[in-house]
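All remarks here apply to the structure that follows.
Read the figures in this text as sums done on the coordinates, not as results from a lab. Bear in mind that the values here come from a model prediction, so they are computed numbers and not experimental data. Cβ sites come from the backbone with ideal geometry, for glycine too, and all protein chains shown count toward neighbours.
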Amino acid sequence: MENHNHGEGCENVYLPQIAVITDIIEETKKIKRFILHYEDKSLHDKFVFDGQFFEITAFGVGEIAISIPFSPSLKDSFEFVIKKAGKVTEAIHNMKVGDKVGLRGPFGKGFPYEEFKKKDVIIVGSGVGLAPVRTMIVRILENREDFGKVVVIGSAMTYEDLIYKDDLISWNKVEDVRVLYALSNPTDRVEAHVGYINDLLPDLGLNWENTAAIICASPRRIKAVAKDLLKLGMKGTDIYTSLETHMRCGIGKCGHCKVGSKYMCVDGPVFNYNEMLELPPEF
Ligand SMILES: Cc1cc2nc3c(=O)[nH]c(=O)nc-3n(C[C@H](O)[C@H](O)[C@H](O)COP(=O)(O)OP(=O)(O)OC[C@H]3O[C@@H](n4cnc5c(N)ncnc54)[C@H](O)[C@@H]3O)c2cc1C
Ligand code: FES
């Protein structure tokens, strides 16, 4: 796999490019959004948007895989949403504006944007799972006329645990776009269904035989939602997800991410539901 943004003459795919943090937004108690740009700003002109995640280095601590939540229209900067989970994510959470990280990527197979055209679309993001699906939501809304009805479901324990709250509110104002919330605990901030995502599906009024879906949640919840979507008339090949596993190189070399016969970093992390069912049962 090529590493597109490393510039001519620089062939070391393990060498990160330096990026400078320009803004940090606290999304929830455990999740922060980082806005950053390459220190060498000319790299943004050469950047080719064809992947699903980056490898981000906290120097001296380690490197982690983080999804792309932005669309190709973001030209001079990047943003990433990072949940505090362990040592590398904690080190990034402790960073301040002006601090530097390393970036390698983009890597992996992204969502098949072209295949979603002319279809109704349902996109479900649970917790930090709204980050990997946001890339498609933004892109679809930037080209609204190419798609049918659009439904976005944000799911979390509480309203405060949702990321991109302002986006969810503004997307709901776009014609023929519905944003729904499935929360475990009620809130007075938005009208929300208290319970499972699945409960919302039967009343969405989508043309299920011509609908494409993306679900980013725990594997258990993905399967539960997908089963109901199949019952409503969808095909497994029209239901997509982006899966997470432990990764290192991100480019199909180290074998760290191998699950069954698949290298999650190059064969995925995006899979359709039929492909997901061929993976070992933990997925
Ligand atoms: C393709 C891909 C995209 C991702 N996108 C995002 C994103 O947009 N935002 C985000 O916050 N996180 C994302 N993750 C998860 C992120 O990579 C892990 O949270 C991170 O590697 C944890 O590193 P750490 O050193 O902080 O924690 P560690 O100290 O390594 O681990 C802390 C805990 O998290 C678990 N863990 C570590 N890595 C993973 C992983 N990859 N999947 C599941 N559990 C893990 C460990 O088992 C342990 O229980 C993504 C992962 C992948 C593979
Ligand atoms: S992370 Fe190294 S092969 Fe996938």
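Quick notes
- The share of C-alpha pairs in the range 4-107 whose separation exceeds 20 Å stands at 32 percent.
- When each of the peptides 170-179, 101-110, 59-68 is scored by the mean number of other C-beta atoms lying within 10 Å of its residues, the order from highest to lowest reads 101-110, 59-68, 170-179.
- Contact order relative to length of the range 113-277, as percent, for alpha carbon pairs under 8 angstrom and 6 or more apart: 20 percent
- Kirkwood analysis of the range 111-216, using all unique Cα-Cα pairs, places the hydrodynamic radius at 13.8 Å.
- Using a cutoff of 8 angstrom between alpha carbon atoms and counting only pairs six or more residues apart, the relative contact order for the chain works out to 17 percent.
- Calculated from backbone phi, Karplus (6.51, -1.76, 1.60) coupling profile of the range 132-143 in Hz, x at Gly/Pro: x, 8, 4, 3, 6, 4, 4, 5, 5, 6, 6, 10
- DSSP bridge pairs, the chain: antiparallel proportion in percent, nearest 5: 55 percent
- Our estimate of slack between residue 20 and residue 198, defined as 0.36 nm per intervening residue step minus the Cα-Cα distance, is 60.0 nm.
- 3J(HN,Hα) from dihedral phi, the range 231-239, Karplus parametrisation 6.51/-1.76/1.60, rounded to Hz, x for glycine, proline: 4, 6, x, 6, 9, x, 6, 9, 10
- Cα centroid separation - the range 246-283 against the range 56-124, whole Å: 18 Å
- Take the Cβ atoms of residue 218 and residue 40, set R0 to 41 Å, and the FRET efficiency comes out at 0.60.
- Kirkwood-type radius of the chain, with distances r between different C-alpha atoms, in Å: 19.4 Å
- Distant-in-sequence amide contacts of residue 212, defined by a placed amide H-H separation under 5 Å and a gap of 5 or more residues or a different chain, comprise 120, 121, 122.
- Dipole magnitude (debye, nearest 20) for the chain, charges at Cβ of Lys, Arg, Asp, Glu: 620 debye
- Under 19 Å of direct C-alpha separation, and excluding same-chain neighbours fewer than eight residues apart, residue 29 reaches these lysines: 83, 84, 87, 96, 165.
- Straight-distance crosslink candidates among aspartates and glutamates, where the alpha carbon sits under 20 Å from residue 227 and sequence neighbours closer than 8 are dropped: 120, 199, 203, 209, 238, 275, 278, 282
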